[in-house]
Each structure stands twice: as C-alpha cells, then as structure tokens.
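Novice: Pasting a structure below so you can have a look.
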Amino acid sequence: SQPACFATKSFTLPDQLSDFSVTVACTRTPSSGTATDGDQALVFYEIVATACNISAAGSCPNNATREPTYAERQLTRTVGK
C-alpha cells in the first residue's frame, strides 16, 4: 500500500529571511487505498508550501491579519505514485 502524507510542518527561515515562516502540508488523494487507471493503482500527493511574514501561531497562511505589510507566497506540486 502507498504511504499516508506526512504531518504538516512549520518553521522559520534563517538569517535575512528570519521574519518569514513556512508551512508545508500534504494532501493524499484518495485519502486511503488507491485510484485505478486501467491496470495501474495510483495515489496522488499534493504538497503545498506557504510562506508569510506574519504567521498565525507559527504557521501560514494567516487569514486573520489585516496588516498592510502582510506578504504571502504559495507553491503547490502534485506527485503521483
């Protein structure tokens, strides 16, 4: 069977980027078992990394902030196995 996703992790960046936090999350599709395409059993993992300069309890995104200097960037990748 294919593995489950890792637990969501948050961390701060070092040195000149120390004002920024990054949260990395994983979503597995299907959440258990596999999807089939012909004779292939497939699982997809969506990895999302979100960085922001004003975290919410150490994680991003911060949906509650109204600070005009708030900055957020997000990268998403999907991997199939």
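Novice: Given points 7 Å out from each Cα along the Cα-Cβ axis, report the THR69 to ASP15 separation in nanometres with one decimal.
Specialist: Here the answer is 2.2 nm between the modelled labels.
Novice: Express the accessible area of the chain per residue in Å², computed with a 1.4 Å probe while the remaining protein chains stay in the model.
Specialist: Per residue, the chain has 72 Å² of solvent-accessible surface.
Novice: Here's a follow-up. What does the chain give for Rg and for Dmax, in Å, if only its C-alpha atoms count?
Specialist: Calculated on Cα positions, Rg and Dmax stand at 16.2, 52 Å.
Novice: Can I ask one more? Before anything else, pin down the relative contact order of segment 20-81: Cα pairs under 8 Å, at least 6 apart, normalised by residue count, whole percent. List each step's numbers first, then the result.
Specialist: Details: 113 pairs, mean separation 23.1, N = 62.
It rounds to 37 percent for segment 20-81.
Novice: While we're looking at this one, here's another question. Would you report the distance distribution of C-alpha pairs in segment 30-73 as whole percents per 5 angstrom bin, up to the bin with the largest distance?
Specialist: P(r) for segment 30-73, in whole percents per bin: 5, 19, 18, 11, 7, 10, 10, 10, 7, 3, 1.
Novice: So, with a 1.4 angstrom probe, what is the percent of accessible area on the chain that is carbon and sulfur? Walk me through the intermediate numbers first.
Specialist: Values: 3020 of 5800 Å².
With neighbouring chains kept in place, the figure for the chain is 52 percent.
Novice: With each label point set 7 Å from Cα along the Cα-Cβ vector, what nm distance links THR29 and ILE47?
Specialist: My value for the distance between the label points is 1.7 nm.
Novice: Also, I was wondering about something else. What FRET efficiency, computed as 1/(1 + (r/R0)^6) with R0 = 22 Å and r the Cβ-Cβ distance, is obtained for THR36 and ARG77, rounded to the nearest 0.05?
Specialist: Details: r = 23 Å, r/R0 = 1.04.
Once the sixth-power term is evaluated, E becomes 0.45.
The values are calculated or read from the model by the stated rules, or taken from the named source; none is laboratory data. Nothing here was measured: the structure is a model prediction, and the numbers come from that model. FYI the Cβ positions are ideal-geometry reconstructions off the backbone, even for glycines, and counts take in every protein chain you see. Only protein heavy atoms, including side chains, enter the accessible area calculation; ligands, DNA and RNA are left aside. Shrake-Rupley method; radii C 1.70, N 1.55, O 1.52, S 1.80 Å.
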